[in-house]
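Below: one structure, written as structure tokens.
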Amino acid sequence: MPVVSGRELWQWRQDAIAAASLAGVPTEEVDWLLMAVAGLDKLALRLNSYQERSHISILLPLAQLSRQWEQRLQDHFPVQYVAGMVGWRQFSLAVNPSVLIPRPETEYLIDLAVGANQEGNWADLGTGSGAIAIGLAAALPSATIHAVDCSPEALATAQANAHRLGFAHRIHFYLGSWCEPLSSLQGQLSGIAANPPYIPSAMVPQLQPEVAKHEPHLALDGGVDGLDCIRQIVRVAPAYLKPGGVLLLEMMAGQASSVTELLHCQGSYRQISIHSDLAGIERFACAIVC
Ligand code: GLN
């Protein structure tokens, strides 16, 4: 691992903060990045105590960090991709532009899964970085998780995350579309969780430039009304869930009534419920298969 002096890092931080203010990027991102790549803590940053250290290990050489920081400022490259990681629940997950950056609101999906009181076999459809699959494996200690993604790059990222965090033996990975690769598990799943793409196509280019320019559209774009993937999952999930099994879906603000209707019209679900995230937005749909 490259090593820098505290003095060099201090200077880098001063310059990065100045450049961030000029570019209108929140200066807190500099400290977040230094915590991620140089293992500094908030107190050391606040008191500048790291300045006295002669050797600080850093994940990438300062010149490379400077180039990527420049990309952050000039091209809206997300700071989580610069760091190559993001904190999500109790984990540090590796992320790169082939996976969506897991969002804090999605953390609550795991609590809903725990509330469903089901162990057994769970599927995470569209696993991306593997966040949900890993969250499920940790929160449901005797469950087996089946994580699916149609992107080989995303699946490799999820697999690496599961391996590094010690969950590789509890999570099986499948390349393919939604439930398709899980045909041998038909009628056997206790739960299916998914945070599928749900943004209406026309809205994708209007998202924050960090998202629109750099996060995978495959993970964002849910078709004309945003509901293409949710519609498909609602349709196929009952064949894979056992009676009493639970489907948990994340969705966008304003989609709750349409998703409730999709679940209702499918005819195989009961106890359909909507749950809000911590910002009060109706974010999750939960339904039990008859
Ligand atoms: N399941 C992943 C997450 O929640 C990826 C979701 C997606 O790519 N739409 O972060």
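Tally time: how many residues in the range 227-257 are more than 26 Å from S183 (Cα to Cα) and surrounded by 16 or more Cβ atoms within 10 Å (Cβ to Cβ)?
The number of residues fulfilling the criteria is 3.
So which pairs qualify, if the first residue must be in the range 77-88 and within 15 Å of E107 (Cβ to Cβ), the second must be in a helix (DSSP H, G or I) and of a type in the set (G, A, S), the Cβ gap must be under 7 Å, and the two must be at least 6 apart or on different chains?
As it stands, the answer is W88/A131, since those pairs meet every condition given.
Among the listed residues G166, G191, G120, G187, identify the single one that is more than 13 Å from the ligand (Cβ to nearest atom), farther than 25 Å from D221 by Cβ, without any contact (Cβ under 8 Å) to a residue 60 or more places away in the chain and in contact with a strand residue (DSSP E or B) (Cβ under 6 Å, 6 or more places away or on another chain).
G187
Coordinate-derived values only; no laboratory data. The model shown is predicted, which means the values in this text are computed figures rather than measured ones. Don't worry about glycine lacking a Cβ; one is built from the backbone with ideal geometry, like all the others, and counts go over all protein chains shown.
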